[in-house]
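J.: Take a look at the following structure, please.
The values are calculated or read from the model by the stated rules, or taken from the named source; none is laboratory data. Keep in mind that what you see is a predicted model, and the values were worked out from it rather than measured. Note that we place each Cβ from the backbone using ideal geometry, even for glycine, and neighbour counts take in every protein chain shown.
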Amino acid sequence: MKRIIRFTKMHGAGNDYVYVYTPDYPIDNPEALSVLWSDRHKGIGGDGLILIGKSDKADFSMRIFNNDGSEAMMCGNGTRCVAKFVYDKKLTDKTVVTLETLSGIKVLHLFTGNDGLVESVTVDMGEPVLANTVQCATPDGALRDGEVVAGGKTYRGTYVCMGNPHFVIFVDRLADIDLTAEGRALEHAEVFPERCNIEFVEPQADGSLRVRVWERGSGITMACGTGACAVATAARLTGHAGNESHIRMDGGDLHIEWRETDNHIYMTGPATTVFEGEISIPE
């Protein structure tokens, strides 16, 4: 026997996931299905699987699984797409939605277009965490403009946690970076016990920050919302930007603001529905 699951393929600045609303379509083995469905040749294709559910703490909940089957704590681009999903499908009529994630409850501000559908979302990503001995194995759990050795090379960068760990490296030329080799080596560097997301950043003449991403558990991705927030944080800490940053990723642009009023990071960017479909799984 097989069971039909209805899914929606969505992306935020090119960071694409398969979305399933679990109250209608329960999923028992998301780790395995994320690997299967994320395959761009034999599956639906994507950076992973996001499950949208009910919550007794917020309006909705979400769980994120990378394309290697590992579960992530947070996905900034994914939160925006969840907001679009629940509003466009009339699961809510709110334009301010709360979302339960493994890194806490996020507040999403929805902006609609002339067609009445969500075009962009601002997410309150909370306060950046700059020290965590579980994720960063330095004496104080911090690494600000510090050195990390990986793959026989030494890198200078800054650790930032936005619900998941990031290491942000500013470079003169992104074209000189072998993103696959260097990203993989840094993800597994000894100083990051839980592995790490890696961002290489080339500051631009216009003040924007051009970023390429190696995501923990997914590899090269077109964009990373928590990564953009980490880049903006590291940029302000190291003098590459002020309180606001324009982040340019492979899949599109994000606007990040670090507000002094509450010390929270606010991320604004697009959310796009690509297509919907049905897929069968064994009972």
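Per-residue answers, yes or no, for (1) touching a helix residue (DSSP H, G or I) at 6+ places or on another chain (Cβ under 7 Å); (2) at pLDDT 95 or above; (3) among the acidic types (Asp, Glu); (4) closer than 21 Å to HIS166 by Cβ:
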{"site": "VAL35", "(1), (2), (3), (4)": "no, yes, no, no"}
{"site": "ARG40", "(1), (2), (3), (4)": "no, yes, no, no"}
{"site": "PHE65", "(1), (2), (3), (4)": "yes, yes, no, yes"}
{"site": "ASP68", "(1), (2), (3), (4)": "yes, yes, yes, yes"}
{"site": "LYS94", "(1), (2), (3), (4)": "no, yes, no, no"}
{"site": "GLY104", "(1), (2), (3), (4)": "no, yes, no, yes"}
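J.: While we're looking at this one, here's another question. When you scan the stretch 59-80, do you find a residue that is over 19 Å from the mean Cα position of the chain (by Cα) and either of a type in the set (Val, Ile, Thr) or surrounded by fewer than 24 Cβ atoms within 10 Å (Cβ to Cβ) (or both), even just one?
T.: yes
J.: Let me ask something else. What pairs come up if the first residue lies in the stretch 77-96 and is not assigned by TED's automatic domain parsing to the domain that holds SER120, the second is surrounded by 14 or more Cβ atoms within 10 Å (Cβ to Cβ) and not in a loop (DSSP other than H, G, I, E, B), and their beta carbons are under 9 Å apart, counting only those six or more places apart or on different chains?
T.: Close Cβ pairs (under 9 Å, with a partner that is surrounded by 14 or more Cβ atoms within 10 Å (Cβ to Cβ) and not in a loop (DSSP other than H, G, I, E, B)) do not exist here.
J.: I would also like to ask the following. If you scan the stretch 17-34, which residues turn out to be of a type in the set (Gly, Ala, Ser) and surrounded by 15 or more Cβ atoms within 10 Å (Cβ to Cβ)?
T.: SER34
J.: Next up: If you go through the stretch 177-190 one residue at a time, do you hit one that is among the aliphatic types (A, V, I, L, M), under 22 Å from ALA131 (Cβ atoms), touching a residue at least 24 places away in the same chain (Cβ under 8 Å) and outside any helix (DSSP H, G or I)?
T.: yes
J.: Follow-up. Is it true that some residue in the stretch 160-174 is of a type in the set (S, T, N, Q) and over 19 Å from the mean Cα position of the chain (by Cα)?
T.: Scanning the stretch 160-174, I find no residue that is of a type in the set (S, T, N, Q) and over 19 Å from the mean Cα position of the chain (by Cα), so the answer is no.
J.: Moving to a separate point now. Please work out which residue is farthest from GLY219 (Cα to Cα), limiting yourself to the stretch 178-194 and to residues that are surrounded by fewer than 17 Cβ atoms within 10 Å (Cβ to Cβ) and more than 20 Å from the chain's Cα centre (by Cα).
T.: GLU190
J.: Out of LEU209, LEU179, report the one residue that is under 27 Å from ASN243 (Cβ atoms) and not acidic (Asp, Glu).
T.: Being under 27 Å from ASN243 (Cβ atoms) and not acidic (Asp, Glu) holds for just one of LEU209, LEU179, which is LEU209.
J.: Here are some residues: ASN164, ASN67. Which one is outside the structural domain of THR22 (by TED's automatic domain parsing) and of a type outside the set (Val, Ile, Thr)?
T.: ASN164
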